[in-house]
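This report refers to the structure that appears directly beneath it.
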Amino acid sequence: MQFIDLKEQQKRIGDKIKENVNKVLEHGKYIMGPEVYELEEKLAEYVGMKHCVSCASGTDALLMVLMAKGIGPGDSVFTTPFTFIATAEVISLLGATPVFVDIDERTFNMDPIKLEEALNTFSASGLTPKAVIPVDLFGLPADFDEINRICRKNNLFLIEDAAQGLGGEYKGKKACSLGDIGTTSFFPAKPLGCYGDGGAIFTDDDEMSEVLKSIRTHGKGITKYDNVRIGINGRLDTIQAAILLPKLAIFKEEIDLRQKIAQRYSEELNEKVIVPQVPLGCRSAWAQYTVMTDNRDSLLKLLKDADVPFAIYYPKPLHLQDAFKNGGYKSGDFPVSEKCSESVCSLPMHPYLSDSDFDEIKKIFY
Ligand SMILES: *Cc1c(COP(=O)(O)O)cnc(C)c1O
């Protein structure tokens with residue numbers, strides 16, 4: 001059994017993927033070839049945003065957005081400590097200060113009430129609040145109505161980190177379109193994964209889209225050798241775009257399959273562990289199916305003994321990581337994130353989880 005099975009999907013569309021990769025080998029436009037533009041157009045349409053700017057990873061997507069907003073030393077950006085390191089790392093990389101805000105334990109996402117509290121107590125720090133990066137953790141969109149309201153009130157730029165969220169929905173709108181700008185990742189294990197690194201940014205703002213395209217290619221101006229700003233080498237490989245196109249064609253269907261598997265899990269495990277909650281009006285992309293239990297050690301032992309793969313996302317919240325020790329945080333600062341890091345466990349989740357795999361997993365709990 002695989003935690004995330006990428007082979008099953010290959011059985012369905014492997015031929016198409018190979019055909020598309022071969023096309024790239026033939027035309028030879030490895031950098032910014034036609035497949036990149038085709039993918040951007042289709043992704044923008046899927047998400048319902050005017051522009052999609054593809055890029056080299058979900059990390060670069062976040063980095064490029066912060067660069068485009070000119071965020072740097074003296075600025076602070078609010079995010080959650082219960083996420084993958086990349087979300088906060090890019091803030092520090094630019095010399096700005098990540099400010100952590102605890103999560104809601106029912107959704108694992110940023111708690112808007114705590115965001116408001118953090119903003120109210122923050123004014124004395126000498127830093128200028130510039131942006132908020134909520135994360136659609138495990139595929140579930142954060143509470144964007146509330147977070148948008150708080151960002152408008154405080155004049156903050158809202159960046160949706162939908163690296164795990166693409167395919168999810170919030171009140172009829174697609175993930176990646178829920179803030180001022182949305183970012184995602186095509187890392188192989190994400191809901192829409194390529195066969196390497198990749199990412200994308202979504203915006204309705206024409207000017208922002210142009211700035212991002214410039215940053216993506218070393219701050220280019222009219223031509224590549226006219227450099228109008230500091231940028232990066234942040235492009236998505238044509239081969240990865242060619243791989244993503246047939247995957248995107250079946251993505252809707254795969255997200256539906258994930259709903260069925262999650263529903264089945266929740267029905268069966270509901271009385272044994274705390275199963276993930278999906279608030280009314282939301283749809284999760286089910287990047288992960290994550291349960292909580294006070295008895296995690298015994299659950300992990302049962303999973304190991306039965307040879308069922310699992311993962312702990314995340315075993316240490318970011319405020320307790322050495323990488324952020326300059327922030328002066330200590331144990332107890334974000335009790336909900338700390339509690340979740342001690343009690344979560346993610347179970348195998350992908351669109352092709354078989355009945356026999358499911359039964360094998362279920363047995364562990366009974
Ligand atoms: C995976 C991930 C990223 C980074 O994406 P990469 O493509 O691996 O750089 C950022 N944020 C979150 C929440 C992620 O899960």
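Please treat every number below as a calculation from the coordinates, not as lab data. All values reported here derive from a predicted model rather than from experimental measurement. Because the Cβ atoms are built from the backbone with ideal geometry, glycine has one as well, and the counts that use them run over all protein chains shown.
Which aspartates and glutamates does Lys260 reach when only Cα atoms under 19 Å apart count, and residues fewer than 8 places away in its own chain are ignored? Within the straight-line cut-off, Lys260 pairs with Asp5, Glu8, Glu169, Glu268, Glu271, Asp355, Asp357, Asp359, Glu360.
Evaluating kT/(6 pi eta Rh) at 10 °C and 1.306 mPa s, with the Kirkwood radius of region 270-340 over Cα pairs in the Stokes-Einstein relation, gives 108 µm² s⁻¹. At an R0 of 25 angstrom, the distance between the Cβ atoms of Ser266 and Asp204 translates into a FRET efficiency of 0.10.
By the Kirkwood approach, averaging reciprocal distances over each pair of separate Cα atoms, the chain gets a hydrodynamic radius of 21.1 Å. Going through the DSSP H helices of the chain, which span 18 Å or more along their own axis at the Cα atoms while scoring at least 0.5 as a mean Kyte-Doolittle hydropathy? Flagged H segments: there are none.
Peptides 130-138, 37-45, 115-123 ordered by packing proxy, namely the average of other Cβ atoms within 10 Å per residue, highest first: 130-138, 37-45, 115-123. Here the chain carries DSSP beta bridges of which approximately 60% are antiparallel, counting only pairs with both residues inside. Springs join every pair of Cα atoms under 10 Å in this Gaussian network model of the chain, and among Asn20, Asn109, Asn295 the largest mean-square fluctuation is at Asn295. Taking each pair of distinct Cα atoms in region 1-120 once, what is the resulting Kirkwood hydrodynamic radius in Å? Computed over region 1-120, the radius equals 17.9 Å. Within region 234-289, the GluC sites (Glu not before Pro) that combine a DSSP coil assignment with at most 11 other C-beta atoms in a 10 angstrom radius are Glu271. Using the Cβ-Cβ distance between Asn155 and Asp322 with R0 set to 35 Å, the FRET efficiency from 1/(1 + (r/R0)^6) comes to roughly 0.60. Pairs from the table (Lys50/Lys173; Lys174/Lys304; Lys114/Lys190) lying more than 25 angstrom apart at Cα are Lys174/Lys304; Lys114/Lys190.
First check a/c for region 303-366, with a ≥ b ≥ c the square roots of the eigenvalues of its C-alpha gyration tensor; if it is under 1.5, answer rounded, and if not, answer prolate when a/b is larger than b/c or oblate otherwise. Prolate, since a/c reaches 1.5 and a/b exceeds b/c.
In region 339-359, which residues have a backbone nitrogen under 18 Å from the label point lying 7 Å from Leu300's Cα in the Cα-to-Cβ direction? Label zone hits: 339-348. The alpha carbon convex hull volume per residue for region 228-330 rounds to 256 Å³. Here the average projected area of the convex hull drawn through the C-alpha atoms of region 47-202 stands at 8.3 nm².
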